[in-house]
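Throughout, read-outs are computed from the coordinates displayed, never taken from laboratory work. It should be emphasised that the depicted structure is a prediction, and the values quoted were computed from it without experimental measurement. Because the Cβ atoms are built from the backbone with ideal geometry, glycine has one as well, and the counts that use them run over all protein chains shown.
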Amino acid sequence: MFKILIITLALCLVAVILATPVDHVTSTTQPPVAILESSNEKHEDGSYNFSYLSEDGTHRKEEAVLRNPGSDNEYLEISGSYSYFDANGQEVTVTYKADDHGFVPEGGAILPQISVAAKQVSQLVVAQPDLEYAKPPKV
């Protein structure tokens, strides 16, 4: 019986501690960043382009072009870039391309080994067009 009383008191103490408001916690939430420029175009064939620039200097742009329309090898070729400022105030820019041969990112935030490997795989697919691999189903 004594053990149950001690456990109950301990649980009550924990509940009181957890329920006590904490006034000294500072918030790390930043106010929203305003978008200074923005554009967005969508086309009937699925191609598109968009871009934006925010007040903190972050920007992004992307373009998708339909390749081989109407064929069994129809795909979107996507290219773009984004840029932001890291904790040290240095601008970081990443460029990328995605097509029927794969995704290839390059830039400051991407490890060079990843860019090199992605580019090699992309070139392998180009060099061996009969290489069989599972393409995603058309949606």
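The label-point distance for GLU63 and VAL33, in a model that sets each label 7 Å from Cα toward Cβ, rounds to 2.4 nm. Using Cβ point charges alone (K and R +1, D and E -1), the dipole size of segment 35-127 about the Cα centre works out to roughly 300 debye.
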